[in-house]
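The values are calculated or read from the model by the stated rules, or taken from the named source; none is laboratory data. Keep in mind that this is a model prediction, so the values were computed, not measured. In this analysis, Cβ positions are derived from the backbone assuming ideal geometry, glycine residues included, and neighbour counts consider all displayed protein chains.
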Amino acid sequence: MVKVMRIRRLLMIIGVCLMGHLVTNAQINTQIPGTWSVNPSPYVVTDPGLVQTDVTILDYSVARNFYEATTRSEPDLSQVLYIHKHIRLNTQKAVDSLANYMIPKIPNADPYFMEARVIHPNGKFEMVKGYLRTVKLSKDEEAWVMRPENLEVGCEIEYDFGLLIYNQYSGVDYFQENSPVLKANFKLIAPNTFTFDVKGLNGFGDISPIAGTKLLTAEASSSNIPAISNSIYMFPKPNMQAVAYAMSSFVNQTYNKKEKVTYTWQDFGESEFITYNNISRTEFNNLQKNMERWAFLKQQKALPLLIYQVEHYLKSIIKYEPAENIQQLEDLSYILRNREANDVGLVRLFSAVYYMLGIRTELLLTSPRDELQIDSTMCSFDRAKKPLLYFPEIDLCMAPTEYEYHFPNIPPLWANTTALHCWDVKDGDQSEVKTAFMQVPAKDYAGNGSRTVSNIRLTASMDSLLINSSQTINGLPDVSVKTMFKALNANQYRDKAAQLLPVAEKDIHIKALSYSNTDWSPTEIEAPTNIKGTYTNASLLTKTNNGIEIRLGGLNPTIVSANNTLPPRDKGLDILYPFFQESKITIEIPAGYTLANPKYYDKEFTVKDGAKEVAGFKSMVMVDGNNLTYYITQWYGATHYELGVFDQLHNMLGQLLQLKESPIVLKRK
């Protein structure tokens, strides 16, 4: 096991040097003068509408100083980042939730100073003491945490934070949050030998850098930024007011000449492609010897299955290590011997294996759809961070670093988005790397979804329903299901399968339950999970004076309910991936009853974007003797729906919700 040692500090003392005396010159004031007041006065509420949320952000200022970084001695230091934030706590909920105040951790950053204080409504203030600690929030997210004390409704938290940023010359600062921001400032300072592209996004305002005799500066401000709309059908970050920056060139000065170095996507892509695809003779020989022992390569098979089996085998034997810049974890000989690799090592391994099998792969570098997309007009290299291997022969991708996903499934947010496409072209013995931008291919909706077949009859006492259901789950929904099962032990499988039945477990009595294909098959590509159940339910059945009502509930699922509404009409609508849902429900009609209003269930609707069909549904009921069969299919063919189709989509989802909430009514003959 490679042990990763972090030399940079992960802990720092807050306010120790401030104890017992006032701050006379906060660091943010050296960048944006007048931001931090020595003797602060509490915010005076003149407009009650500005403090209706739990928190109001009074000031949010960011300064990125590339010039100062050139005057310091730390290796690979690119910029010094200053963050000033001043917030007001308007409710007791805010007081309770901010007792542990979290600041999202910034990659490649070391904190080097912090001053923080709590300003009380009576005008008194106290410095925050203690330590800034690191906590892990998820696989990809961490936060710094401080503990302000004696919080109360109406108080304010203000902090001045300085960080050293390494090897980062592009990025974005988001100034819009879940709370309103009354004032926001951005400033970039750099030597005038640097050239930057700086853009205001989503209304923050464009910024033109100004070159002086010594420094390049870019400044912008905004005010009264509203809280970002909160909807499960809209990705917040791409819609936030923000400032994006990226260096485009610099002057490299030696003792006798000056040379202008220009950044380009071609150079970046070529460098990344070589990193992932160039292997040594020793690595080649060791890999070749290993592959000779892989039994599944002995039989000839279709290309998609071969791609899948290689991925399944390697992900089952190679342990993922998240450590960066560890040479052993990127060396194929070490990886094969010790069976562990980091992100770079995994991409190099898969690229080499497919190459040796004669399968052409090309490199895609992309940004997830829930973040800012790659901007080809500026060198936003920080956004081209998610690697995919692209198979041009079949126009599909695989994700070497993501163990939950197996070909042809990739993380859904990495699909249908802009990627830097890198590939090599051979001319004799020479090879040249080409780059371009392309959309990452997404699976068609027909490859992602679920089919539920249910048979329902009333029990002999006619006071409950006996239901037999079979669910088949395909594609990306199945990735989630298999991931859930993988985290369980064998004794927990039955309980999890019961939770996935279409009728809530608390409302049913299970008589029989079976499940299959809950893990990835080593031989079969995309074997769908199947869950079958036999159970009784009384809550879906209602007897009336005139007959019987059967509510379908989860047997007829929709993506909206009365509790999760669509986003505002000024925004588009986002979904994770194209998908379908099919339900076939057969009900045995008791003697003496018939279906009331059979035509009510016959509906069809198609959402069109111009001439292109992008979503739709169809439902119908057929009665044959005493058997009633209800079919309903809904499909969503896009990942983003623009405003032009919003009303159509709203209409469609409203009809589906109405059908879901409408019971099957059986009336007496």
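Numbers below:
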read-out	value
Selection count where residues are assigned to a strand (DSSP E or B) and over 22 Å from Tyr131 (Cβ atoms), scope the stretch 90-110	0
Boolean, Phe194 is modelled with pLDDT under 95, crowded, with 20+ Cβ neighbours inside 10 Å and of a type outside the set (Gly, Ala, Ser)	yes
Leading residue by the ranking (nearest to the chain's Cα centre (by Cα)) among those in the stretch 424-439 that are under 15 Å from Ser376 (Cα atoms) and among the aliphatic types (A, V, I, L, M)	Met438
When residues of the stretch 254-275 are limited to those that are β-branched (Val, Ile, Thr) and outside any strand (DSSP E or B), the one nearest to Ile374 (Cα to Cα)	Thr264
Residue match in the stretch 435-442 (condition: farther than 26 Å from Val479 by Cα, surrounded by 13 or more Cβ atoms within 10 Å (Cβ to Cβ), among the β-branched types (Val, Ile, Thr) and modelled with pLDDT of 95 or more)	yes
Considering residues of the stretch 78-122 that are within 25 Å of Pro33 (Cα to Cα) and among the basic types (Lys, Arg) only, the residue nearest to the chain's Cα centre (by Cα)	Lys85
Given (1) at pLDDT 90 or above; (2) under 30 Å from Lys214 (Cβ atoms); (3) among the small types (Gly, Ala, Ser), index of the condition Ser97 fails	(2)
Yes/no for Leu188 being farther than 23 Å from Ser376 by Cα and either assigned by TED's automatic domain parsing to the domain that holds Val118 or part of a strand (DSSP E or B) (or both)	no
Every residue from the stretch 124-151 that is of a type outside the set (Lys, Arg), farther than 25 Å from Asn39 by Cβ and not in a strand (DSSP E or B)	Leu137, Ser138, Asp140, Glu141
Enumeration of residues in the stretch 159-176 that are over 11 Å from Tyr60 (Cα atoms) and not in a strand (DSSP E or B)	Asn167, Gln168, Tyr169
Top-ranked residue of the stretch 375-411 - restricted to ones that are aliphatic (A, V, I, L, M) and outside any strand (DSSP E or B), ranked as farthest from Leu346 (Cα to Cα)	Met378
The stretch 211-240 - residue that is over 19 Å from the mean Cα position of the chain (by Cα) and polar (S, T, N, Q) and, of those, surrounded by the fewest Cβ atoms within 10 Å (Cβ to Cβ)	Thr213
Tabulated pairs, the stretch 58-78, first farther than 11 Å from Ile165 by Cα, second polar (S, T, N, Q) and assigned to a helix (DSSP H, G or I), C-beta under 9 angstrom, 6+ apart or interchain	Ala63/Thr30
